[in-house]
Amino acid sequence: MAEVEIVVGVSARPWADRLHRFCEDHGGARVRARVIDERGALAQEAQVVVVDDTASYLTGRLVDRLHARGTAVVVVVDAAHVAEVGEWVNRLGVDAVVPDDEPADRLVATVASVAVPAAPSLPVDPGPIGERGRLVAVAGVSGGVGATEVSVALAHAATGPAVLVDLDLSSPSIAQRLRLPLHPNLRSAVDAHRSGAGLDGHLHDAGVAVLAGPAGSGEWSGLDADDVVALLEDLAIGRTVVVNLPAGPPRPHPHGAVTVADVARPALRAADVAVAVTLPSPIGVSRVAEWLAAADGLTDRLHLVVNRTPPSVFRRQEARLELERAFELPVWFLPDDATVDRAGWAGEVVRRGAFRRATRRLAEVVAA
């Protein structure tokens, strides 16, 4: 029988080294790696992850993510406190709990037993209960088209509780637009969510809850796309979530470098509705084509918004016919409204005028 492939979390207790030595000397399991954090645990292809109960990254979310990929979780706890600690650990949905004084051969036997596929069971703690709201992603097909303003307007026009999330990692601006602090922000919220802590302290109040973007380029570089999507999904329990994405086509770097698209693209994929914002010009139309090519597969839930449209009915109808013929998408026109600039300088939400009325109609469809 093939040996069980395992990952072992680094621990100050002697059980981890004892287990590793036993596997090297006697077999029964093969240690693929020793890891110190969640990223390391998820980076390895293994059948079982064995981790200490004191590990800071041991959370229900980690257990769920490992189970989703077919990896079992065994937790080693202090032998003197098996009853009380084991009760907490079991609520995470782990596959086995063993005391840290367990002989290495019996620990290996436990690991091998949970590595055998078993019938799925309901988790002990199902997490947040409530109806999932709408997840709306808004992106500019290029910079300077007003996607941030559209995001702010849609969040404030949503029916019921709403959260506005700045995921424009390259140029976050919602906090500045609404005169909000730069901290806490997306970076701290992702860390808190990963550890199982609450998110209320990470959301600012601006008429709707706002999760500010990272304060600098160094803060987004360590973000994990799966963590961001999981955060958005949990925020959407009982609420509408409007996500402002980076401008430009959501395309990975051709040479493999990590870009903002690597974080933003999965969020775009997870959205119930996507809104692409452009300007009423030939260049704006060409940018739409480029954006759609990079975001293939979204046309069934995509709305095209033409921002800063001039008042001419003829020009608007001409643009509508051209865009609908070229892309076969629902097209919305938002007017060029001076109240938007005035609200921006004042750090306020647009509360009246043609832009406000148009975005409320848009919100009735995409954020209802």
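Which residue fluctuates the most in the chain, going by a Gaussian network model with Cα springs under 10 Å, if the choices are Trp332, Trp345, Trp15?
In this elastic network of the chain, the residue with the biggest mean-square fluctuation among Trp332, Trp345, Trp15 is Trp345.
Relative to the longest principal axis of the chain, what angle (0 to 90°, nearest 10) does the C-alpha long axis of helix 354-366 take?
40 degrees
What does the helix-only formula give at 222 nm for the chain: each DSSP H stretch with n ≥ 4 adding -39500 (n - 2.57), the total divided by the residues, and the result rounded to the nearest 500 deg cm²/dmol?
Here the helix-only value at 222 nm equals -12000 deg cm²/dmol.
Just want to confirm a number: the relative contact order over the range 224-368, from Cα pairs under 8 angstrom separated by 6+ residues, in percent.
About 18 percent, as a whole number.
Tell me the angle of helix 15-26 to the major Cα principal axis of the chain, expressed in degrees between 0 and 90 and rounded to the nearest ten.
So the inclination is approximately 70 degrees.
Pull out a ≥ b ≥ c, the square roots of the eigenvalues of the alpha-carbon gyration tensor of the range 32-77, then state rounded if a/c is under 1.5, prolate if not and a/b is larger than b/c, and oblate in the remaining case.
Rounded, since a/c falls under 1.5.
Rounded, prolate or oblate: which fits the range 1-71, taking a ≥ b ≥ c as square roots of the Cα gyration tensor eigenvalues, rounded meaning a/c under 1.5, else prolate when a/b beats b/c?
Oblate, since a/c reaches 1.5 and b/c is not below a/b.
Apply the Kirkwood formula to the range 222-368: the hydrodynamic radius equals the inverse of the mean of 1/r over all pairs of different alpha-carbon atoms; give it in Å with one decimal.
16.9 Å
Under 8 Å for C-alpha pairs, at least 6 residues apart: give me the relative contact order for the range 130-229, rounded to a whole percent.
With pairs under 8 Å counted, the relative contact order is 28 percent.
If eta is 1.567 mPa s and T is 4 °C, what Stokes-Einstein diffusion coefficient results for the range 137-205, Kirkwood Rh from Cα pairs, in µm²/s?
In µm²/s, the coefficient rounds to 98.
Anyone know which of His202, His67, His156 comes out most mobile in the 10 Å Cα GNM of the chain?
Largest GNM mean-square fluctuation: His67.
Between Pro14, Pro249, Pro172, which gets the highest mean-square fluctuation from a Gaussian network model of the chain, Cα cutoff 10 Å?
Between Pro14, Pro249, Pro172, it is Pro14 that shows the largest mean-square fluctuation.
So what is the relative contact order for the chain, in percent, with contacts set as C-alpha pairs under 8 Å and at least six apart?
16 percent
I need the GluC sites (Glu not before Pro) found in the range 38-115, filtered to DSSP loop residues with at most 16 other beta carbons within 10 Å of theirs.
Loop-located and lightly packed - Glu45.
Take the alpha carbon gyration tensor of the range 164-234, find the square roots of its eigenvalues, order them as a ≥ b ≥ c, and report rounded if a/c is under 1.5; if not, report prolate when a/b exceeds b/c, else oblate.
oblate
Read-outs throughout are calculated quantities, based only on the coordinates presented, and are distinct from any laboratory measurement. This structure is a prediction, so every number in the text was calculated from the model and none was measured. Methodologically, a virtual Cβ is constructed for each residue, glycine included, from the backbone with ideal geometry; neighbour enumeration extends over all protein chains shown.
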